[in-house]
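Report on the following structure.
Every read-out reported here was derived from the displayed coordinates using simple, explicitly stated rules and does not represent laboratory data. Quantities reported herein were computed from a predicted structural model and do not represent experimental measurements. In this analysis, Cβ positions are derived from the backbone assuming ideal geometry, glycine residues included, and neighbour counts consider all displayed protein chains.
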Amino acid sequence: MLIAIAGFPADSSKDDSVKLRINVKPEFERTVMDLMGWKHLEIGHWEPLISIRAQQISAVINETISTDLNLSIGVRFSDEEVAERHRNTVEVIFLSISGFYSDSWDDSLQYEGDITQELEPGVLASMGWASMQHVPPGEHILTTDQVKAVMKILGDPVRRDLVYYIGACVKRVPLPS
């Protein structure tokens, strides 16, 4: 694991590409953690990096951190750790369906299901997609008819208090032995 700093354009342009990427060297991690008030490193934890803190970290790591950018600091796997985690695995693309309350302040997930390969052709057909290659990027809200068809295929009851979404997902699974 390593501490990383990322910077994005501060203006409201459509350019959301990373303009600054710094990996904090191991010898500076403890000091940076202390500056951030972190007791331990947690993979995937990211938070905004305010200007004064960026200046302090810049002085510690001896690298320029432009405060003209929207800055974030967080913890990620090193490239070596990513390669090790991905060894002997393969990416699998599958459909996933989720349901949320339709008229509520509560936006927590109320239904979630992954579509098995056996059920995938029926679900694709009910969505009007010929194959997984025809699934558009992102999540898609299901119409009432699509909800009925998909939930029937899955063998799950339709909850009228939910709005359902479907999309393609990717996960890594171990290679068969």
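Any chance you could check the Cα centroid distance between region 23-40 and region 71-106 for me, in angstrom?
24
For region 2-84, what's the radius of gyration and Dmax over Cα atoms, in angstrom?
Rg, Dmax (Cα atoms, Å): 12.7, 37.
Averaging sequence separations of C-alpha pairs under 8 Å and six or more residues apart, then dividing by the length of the chain, give the relative contact order as a whole percent.
In percent, rounded to a whole number, it is 22.
Using the count of nearby Cβ atoms within 10 Å as a rough guide to exposure, how do H86, H140 rank from fewest to most?
Sorted ascending by nearby Cβ count, the order is H86, H140.
Residue farthest toward the positive end of the dipole of region 2-84, with Cβ of Lys/Arg at +1 and Asp/Glu at -1: which of A83, A6, S58?
Comparing the listed Cα positions along the dipole, S58 ranks first.
State, as an integer percentage, the relative contact order of region 88-174 based on alpha-carbon contacts under 8 Å between residues 6 or more apart.
RCO, region 88-174: 46 percent.
May I ask you to sort K152, K14 by Cβ crowding, counting other Cβ atoms within 10 Å and putting the fewest first?
Neighbour counts put them in this order, fewest first: K14, K152.
Between 0 and 90 degrees, rounded to the nearest ten: what's the tilt of helix 144-154 against the longest Cα principal axis of the chain?
90
May I ask you to list the lysines whose Cα is less than 19 Å away from that of K25, ignoring any residue fewer than eight positions away on the same chain?
Hits, sequence-local ones excluded: K39.
Under the rule of -39500 (n - 2.57) per DSSP H run of 4 or more residues, summed and divided by the residues of the chain, what mean residue ellipticity at 222 nm is obtained, to the nearest 500 deg cm²/dmol?
-8000 deg cm²/dmol
Can you tell me the length gained on complete extension of the stretch L109 to S96, counting 0.36 nm per residue apart and subtracting the Cα distance?
3.4 nm
So how do E120, E91 line up by other beta-carbon neighbours within 10 Å, fewest first?
Fewest-to-most ranking of E120, E91: E91, E120.
Using only C-alpha atoms and all pairs of different ones, pull out the Kirkwood radius for region 23-177 in Å with one decimal.
19.5
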